[in-house]
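J.: Sending over a structure as structure tokens; questions will come in a sec.
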Amino acid sequence: MSDLSAPVRKITIDPDDLRQLQSNVWSRQFVPVKLEMDGRTFDAQIRYRGGHTRNYPKKSYEVLVEGKLTLHWNAESDDPSMIRNALSFRFFEMIGVPSPTAQHFWLEWNGQQHGVYLELESVDATFFKKRGIQAHSLIYAVNDNATFGLIDRDTKLRKESLFSGYRLMMGESSAETRLVRFIRRINRPANRSLRLYLRKKLDVSQYLQWLAGAVLTGNYDGFDQNYALYEHLPSKRLRMIPWDYEGTWGRNCYGKLCGSDLVPIQGHNKLTRKVLAYRSNRVAYRRLLRKLLAGPFSVEQIAPEIDTIYAALAPAIRDDFTRKWPFSAFQEEPDQIKQYIAERREIVRRELRRWAKADAAK
């Protein structure tokens, strides 16, 4: 085992249960295991998680601990830095958007080294309780149909259900009805009536914070999936939580380098377009982006976060032979991420000037 200065998790699984798990990588069925964690042994259940990564040799897992605690263990196979998710969620916290906590750990599986993983906090009732957030319901965006639009991404026809792309995780079924009603309503013309409706049903300020985070980190997939929606109980408004930010900071979800201009500063889903259809929201959003450029979204602010994570993680990555990326690729990534930040800042500044000028000319 490496000298990773982070927790160690140990899984013990019966051979028959292991065969059942491996028989279908797309199964949502859990199998029983014993989990050693934080000096204690728990009865737990485990299953595969993820999308295209389920076909990779190194799998990601969802773990249910004694029916109470849910953990997400990500192999982060497509990220040579293995920090993009963790760094993104730290950034979202810096700008005031509640996000899952993340920590790296070393995994053992029936006494065999299984490599370094990233453990992500589950977004669930416990997540809200820890933060003192009163949430009435929680809905996951589970695939790329979660665009807030009317058209199915695959068939190019009107969706059979406007709840397509979503999954209710907490709350009563009436939450589904409310989201469907919301989607149907925002797809009407952007008039004064819709502006008032958005103010009533959506926490617009919080949405713009989430939007800025997705835009600055460059999560192309973050607008039509990779988020969770919750109804804030006191205000009765929808709010956003980011999820799955591996494809960020200059790489896409497959780990390929991409341009720092991949994501437009206005985002690209139906709800974002309707929110930004109103001048007051555009002005507020541009002001927010300028504020973030002047503060947390800078090499000076983010580099210490990168360097801190890297200092703790490097010994483990050096010894982890389960990863498809060589250690040399890992070593090069801090400079790659910092270069992305510098380039992204200039792109956003340029686009803000162009957008504000075009808006003023209308």
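The values are calculated or read from the model by the stated rules, or taken from the named source; none is laboratory data. It should be emphasised that the depicted structure is a prediction, and the values quoted were computed from it without experimental measurement. Every residue, glycine as well, gets a Cβ built from its backbone with ideal geometry; the counts of neighbours run over all protein chains shown. For accessibility, only protein heavy atoms count, side chains too; no ligands or nucleic acids. Shrake-Rupley method; radii C 1.70, N 1.55, O 1.52, S 1.80 Å.
J.: Given the C-alpha atoms of the stretch 4-123, compute the convex hull and give its volume per residue in Å³.
T.: Hull volume over Cα atoms, normalised by residue count, gives 121 Å³.
J.: With N residues in the stretch 230-362, what two-decimal value do you get for its Cα radius of gyration over 2.2 N^0.38 Å?
T.: In units of the globular-protein estimate, the stretch 230-362 measures up at 1.30.
J.: If you don't mind, another one. Under a crude label model (7 Å from the Cα following the beta-carbon direction), how far is S298 from R354 in nanometres?
T.: The answer from the label model is 2.5 nm.
J.: For the stretch 68-111 and the stretch 260-326, compute the distance between their C-alpha centroids and round to whole Å.
T.: 15
J.: What value in Å³ per residue do you get for the convex hull of the alpha-carbon atoms in the stretch 113-215? Show your work: numbers first, answer last.
T.: On the way: hull volume 18.3 nm³, N = 103.
Each residue corresponds to 178 Å³ of Cα convex hull volume.
J.: Could you point to the residue in S77, G165, W355 farthest towards the positive end of the chain's charge dipole, with +1 and -1 charges on the Cβ of Lys/Arg and Asp/Glu respectively?
T.: The listed residue farthest towards the positive side: W355.
J.: Right, something else. Go ahead and estimate [θ] at 222 nm for the chain from helices alone: -39,500 (n - 2.57) per DSSP H run with n ≥ 4, summed, over the residue count, rounded to 500.
T.: Mean residue ellipticity, 222 nm, calculated: -12500 deg cm²/dmol.
J.: While we're on this one: Tell me, what HN-Hα J-couplings in whole Hz come from the Karplus equation 6.51 cos²θ - 1.76 cosθ + 1.60 at θ = phi - 60° for each residue of the stretch 98-106, using x for Gly and Pro?
T.: x, 9, x, 6, 9, 8, 7, 8, 9
J.: On to the next question. Expressed as a whole percentage, what fraction of the accessible surface of the chain belongs to carbon and sulfur atoms when a 1.4 Å probe is rolled over the protein heavy atoms? Mind showing how you got there, number by number?
T.: On the way: 8220 of 16730 Å².
It is 49 percent, rounded to a whole number.
J.: Among the aspartates and glutamates, which have Cα under 14 Å from the Cα of K338 when same-chain residues fewer than 8 positions away are ignored?
T.: E300, E305, D307, E346
J.: What accessible area per residue comes out for the chain, rounded to a whole number of Å², with a 1.4 Å probe? Let's see the in-between values first.
T.: Numbers: 16730 Å² over 362 residues.
Spelled out: the 1.4 Å probe surface of the chain, per residue, equals 46 Å².
J.: Scan the stretch 156-228 for GluC sites (Glu not before Pro) in coil per DSSP, keeping those whose Cβ has at most 14 other Cβ atoms within 10 Å, and list them by number.
T.: E160, E172
J.: Which of N55, G132, A329 sits farthest toward the positive end of the charge dipole of the chain, with +1 on the Cβ of Lys and Arg and -1 on the Cβ of Asp and Glu?
T.: G132
J.: Under a straight-distance cross-link criterion of Cα-Cα below 30 Å, which lysines are reachable from K236, leaving out those fewer than 8 residues away in the same chain?
T.: Output for K236: K68, K129, K130, K159, K200, K201, K270, K274, K291.
J.: Working from Cα positions, state the angle (0 to 90°, nearest 10) between the long axis of helix 204-217 and the longest principal axis of the chain.
T.: 60
J.: OK, next. Cut-off 10 angstrom, C-alpha nodes, Gaussian network model of the chain. Which of T70, T308, T217 fluctuates the most?
T.: Per the Cα network of the chain with a 10 Å cutoff, T308 tops the list.
J.: Here's a follow-up. Hey, what's the Kirkwood Rh for the chain if you take every pair of different alpha carbons, in angstrom?
T.: After inverting the mean inverse Cα-Cα distance, the result is 21.7 Å.
J.: Using per-residue counts of other Cβ atoms within 10 Å, averaged over each peptide, order 260-266, 352-358 from highest down. Could you put the intermediate results ahead of the total?
T.: Values: 260-266: 17.6, 352-358: 12.7.
Result, highest mean Cβ count within 10 Å first: 260-266, 352-358.
J.: Give me the percent relative contact order of the stretch 126-228, please, defined on Cα pairs under 8 angstrom at least 6 residues apart.
T.: Normalised by residue count, the contact order of the stretch 126-228 is 35 percent.
J.: Under 15 Å Cα-Cα from K10, which aspartates and glutamates qualify once same-chain neighbours fewer than 8 residues away are excluded?
T.: E36, D38, D43, E62, E108, E119
J.: I need to check one value: relative contact order of the stretch 224-362, counting alpha carbon pairs closer than 8 Å and at least 6 residues apart, in percent.
T.: 22
J.: Please list 341-348, 268-275, 288-295, 84-91 highest first by mean number of surrounding beta-carbon atoms within 10 Å per residue.
T.: Peptide ranking by packing, descending: 84-91, 268-275, 341-348, 288-295.
J.: Now for a different question. On a 0 to 90 degree scale, rounded to 10, what angle separates helix 299-319 from the longest Cα axis of the chain?
T.: 20
J.: DSSP loop chymotrypsin sites (Phe, Trp or Tyr not before Pro) in the stretch 186-278 with at most 15 other Cβ atoms within 10 Å of their Cβ, which ones?
T.: Here the sparse-neighbourhood loop sites are Y254.
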